[in-house]
């Protein structure tokens, strides 16, 4: 879905990988998205704040503060806000089980859908071998990723001047590299397997910046994507169906929009 002036209300909304504190965060688009989308429960599925980047240098423009205020305002108006930390905001794992005002902090959550299914909500870095066992390599990869985003910013600026829609070079490259594609596939299978192991009906996660809804041997796998490259969220409507929402500037579409899932979970 591209940007619209029609407001929508959901049973639950799932956001991850916003990476506040980095210049790659598309905070303006997220503010616009939050203006038109509300939910009874909002899950922040990790890497909302990028502690890794902030340790190396402070970057916090007003738009990033506006994102925080927008989310907190929804909590004050009655939405339940659940924050499940990821690897970039792992400092919050020291506060599991506590509340910061209207925000609950939890290692993971079990979300119950309108039609009674149970979904594991978890960031997913716990199942990334590189993050768990070679953090130095993950930090090196993070640096390379940020370089790709810098190049992507230039490419996007040129495309906009030429009248072309937003397109992510880094996301395109990721899906063209065989090892990255294999990693995404293995990650999906691993998370679906964990959901199956603990006896829930599905899993909703983030971490790999690749939004999708898929079925793996009777288990529903959902990834929320991110707000750096794809600007996506997962939402559960009041009839129990799930969809991936892709948010763009008003009137703008992306070449990848036709590939985005808007699937009902079976």
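The values are calculated or read from the model by the stated rules, or taken from the named source; none is laboratory data. What you are looking at is a predicted structure, and each value in this text was computed from that prediction instead of being measured. Cβ: placed from backbone, ideal geometry, glycine included. Neighbour counts: every protein chain shown.
General observations
- The set of residues from the range 57-97 being assigned to a helix (DSSP H, G or I) and over 21 Å from residue 24 (Cβ atoms) comprises 72, 73, 74, 75, 76, 93, 94, 95.
- Cβ-Cβ under 8 Å pairs, at least 6 apart or on other chains, the range 188-211 side more than 17 Å from residue 226 (Cα to Cα), far side modelled with pLDDT under 90 and assigned to a loop (DSSP other than H, G, I, E, B): 192/217; 196/217; 202/265
- Only residues that are out of contact with any helix residue (DSSP H, G or I) (no Cβ under 9 Å at 6 or more places or on another chain), surrounded by 17 or more Cβ atoms within 10 Å (Cβ to Cβ) and either modelled with pLDDT under 95 or not in a loop (DSSP other than H, G, I, E, B) (or both) were counted across the range 98-152, and they come to 4.
- Only listed residue being modelled with pLDDT of 95 or more and at negative phi, chosen from 240, 193, 206, 199: 206
- Selection status of residue 219, surrounded by fewer than 23 Cβ atoms within 10 Å (Cβ to Cβ) and within 17 Å of residue 108 (Cβ to Cβ): yes
- Index of the failed condition, residue 255 passing every other in (1) surrounded by 17 or more Cβ atoms within 10 Å (Cβ to Cβ); (2) more than 12 Å from the chain's Cα centre (by Cα); (3) modelled with pLDDT under 95: (1)
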